[in-house]
1. Under 20 Å from Thr46 (Cβ atoms), in contact (Cβ under 8 Å) with a residue 40 or more places away in the chain and in contact with a His (Cβ under 9 Å, 6 or more places away or on another chain) - does that describe any residue in the range 122-130?
2. Output the residues belonging to the range 247-258 that are surrounded by 14 or more Cβ atoms within 10 Å (Cβ to Cβ) and either aliphatic (A, V, I, L, M) or in contact with a Leu (Cβ under 6 Å, 6 or more places away or on another chain) (or both).
3. Identify the residue in the range 229-243 that is of a type in the set (D, E, K, R) and more than 20 Å from Leu201 (Cα to Cα) and, among all such residues, is surrounded by the fewest Cβ atoms within 10 Å (Cβ to Cβ).
4. Confirm whether Arg34 is at pLDDT 95 or above and of a type in the set (D, E, K, R).
5. Among the residues of the range 186-219, write down those that are more than 16 Å from the chain's Cα centre (by Cα) and either part of a loop (DSSP other than H, G, I, E, B) or small (Gly, Ala, Ser) (or both).
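The values are calculated or read from the model by the stated rules, or taken from the named source; none is laboratory data. The structure displayed is predicted, hence computed values, not measured ones. Because the Cβ atoms are built from the backbone with ideal geometry, glycine has one as well, and the counts that use them run over all protein chains shown.
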Amino acid sequence: MGLIFADEGRFGAAANSMQDALKGLTEVGDQKSRDVAETLIDLAATLARAGRLDEATTTLDTGQTIARDLKSESLSAQVLNTQGEIAFYRGEAASARQYFQKAQQTLGHREEKTISARTQLNLARVDLMQGNHKEAEKRLSPYASKGNGLPKTLSIHISITYAESLIRGSDTAHARQILLANLGATERAGMKSQTARIYYLLSLTAKTNPEEAASFSGHAIKAIDDIRGLPGSDKLLQRADLSAIYKESTATIAAAKR
């Protein structure tokens with residue numbers, strides 16, 4: 001349930017669910033198992049998504065110690081991905097890239113499709129942060145089709161990020177089509193963070209229509225504010241990516257009123 005809550009932007013509920021799971025494992029003497037390591041990694045990722053970056057780092061340190069003792073390459077890759085995500089949310093692109101590249105190297109040629117796709121997504125997000133939309137598009141194009149065999153939430157996240165790479169490359173018509181195709185799914189599933197991203201990116205496709213761009217921006221701000229109003233999400237705008245969306249969306253609305 002914790003991961004479902006996190007996808008819905010209910011980070012406080014997600015963290016509580018994962019902490020309860022850890023407590024249950026500890027009570028039965030299961031303190032250094034793979035289940036404990038994976039739950040700690042998921043908890044750290046959830047805290048990071050909520051903007052609780054220092055808490056995320058502390059939690060991940062514990063998970064990393066267990067993962068190291070278990071000598072699991074897939075767990076190590078998950079730790080590295082989460083370390084990279086924490087750095088990404090801090091706005092530290094170069095550091096994030098190093099973690100993601102190490103995760104990719106750790107996996108090697110292992111058949112870990114979901115972890116590999118997550119790593120490529122993360123690297124693409126760094127590419128976009130650093131202004132390299134062509135590399136981001138190249139990374140994500142193999143996963144862009146609906147029949148990619150990945151978990152639905154990851155597939156949606158990849159699709160949205162792929163659309164952003166197209167926008168940065170001025171292919172706004174195709175990007176808009178992709179975003180609108182995913183909007184219903186994110187809204188039905190309550191995926192507020194991804195809904196905010198879609199509306200923000202739609203505003204970028206509507207730059208020639210200030211009123212429409214402002215309308216999309218308003219929806220993006222509302223989606224972020226909805227998350228901020230939930231328990232455990234008061235630090236959400238400490239995430240560099242969502243803070244930038246919020247500020248840019250606010251500026252777009254202000255510009256349309258002039």
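1. There is no residue in the range 122-130 that is under 20 Å from Thr46 (Cβ atoms), in contact (Cβ under 8 Å) with a residue 40 or more places away in the chain and in contact with a His (Cβ under 9 Å, 6 or more places away or on another chain).
2. Ile253, Ala256 - these are the residues of the range 247-258 that are surrounded by 14 or more Cβ atoms within 10 Å (Cβ to Cβ) and either aliphatic (A, V, I, L, M) or in contact with a Leu (Cβ under 6 Å, 6 or more places away or on another chain) (or both).
3. Once the filter is applied, the top-ranked residue is Asp234.
4. Numbers: at pLDDT 95 or above: no; of a type in the set (D, E, K, R): yes.
So Arg34 fails the test.
5. Ser203, Ala206, Lys207, Thr208, Asn209, Ala213, Ala214, Ser215, Ser217, Gly218
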